[in-house]
Amino acid sequence: MNLYLRYFDREILVSNVDDAIAFLADIDEIGMNPMLEQDIRDYVASDVFYPKRYKIRQRVYFIIIKTEAATMQDFKDKKAVHATGPASEKPVTPVMTRLTEEHFGWYEGTLDFKRVQLVPGTGKFQYRDTRFVACCKAVSGQDCYNRIVDHLSQRVDPRSQFPSAKGKNFKFRFLGECK
């Protein structure tokens, strides 16, 4: 594993921690000391792969990045990006793709919306967070959302506010095919 270090426009790719410390010691503003040296050695020896940022003074930092890149050009071209565990093995499906993916069957949809309700003591109206869960036959997640909103809009105050199907307040899951 190699280390990429950058301080403003000065940068280097080294293969060991001693070369990294020598590079930093040559920069007067950094002020290399035994505590900083030990912290850098601990970071390099650890299993942590996120970049490490060291503060020199207010709004001035240098960074160290662990990389598998063999050359500076490989690093710049991002040819040796380190994979981080099981999350990187599974491709991330965009919300819109999952939402419009057509698969006829039963869906369970959960919708958190703002429902307008009358407050009995005062006679005034207020918004209340309400969760609605329903199972319905649908062609896609979007169709499930549309069916739930159509159902609710006929049964609640028209001033109630429904979230977007793309947001975090609507979730759905495919339960299985219907016959």
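The values are calculated or read from the model by the stated rules, or taken from the named source; none is laboratory data. This one's a predicted model, so the numbers in the text were calculated from it and none came from an experiment. Counting neighbours? That spans all protein chains shown, and the Cβs are built from the backbone with ideal geometry, glycine included. For the accessible areas, the whole protein counts, side chains as well, though only heavy atoms, and no ligand, DNA or RNA atoms are used. Shrake-Rupley method; radii C 1.70, N 1.55, O 1.52, S 1.80 Å.
List the pairs whose first member sits in segment 134-148 and is hydroxyl-bearing (S, T, Y), whose second member is open to solvent by 30 Å² or more (accessible area, probe 1.4 Å), and whose Cβ atoms are under 8 Å apart, counting only residues at least 6 apart or on separate chains?
Taking only residues 6 or more apart or on different chains, the pairs are S140/T100; S140/E101; S140/E102; S140/H103; Y145/F172.
Just to confirm my filter: which helices (runs of 4 or more DSSP H) fall fully inside segment 13-111 and include at least 1 residues that are under 30 Å from L175 (Cα atoms) and at pLDDT below 90?
85-89, 95-100
Quick one: would you say D18 is open to solvent by 60 Å² or more (accessible area, probe 1.4 Å) and without any contact (Cβ under 8 Å) to a residue 24 or more places away in the chain?
For D18, the condition - open to solvent by 60 Å² or more (accessible area, probe 1.4 Å) and without any contact (Cβ under 8 Å) to a residue 24 or more places away in the chain - is met.
Scan segment 129-151 residue by residue and report those that are open to solvent by 40 Å² or more (accessible area, probe 1.4 Å) and in contact with a Cys (Cβ under 7 Å, 6 or more places away or on another chain).
Selection gives K137, R147.
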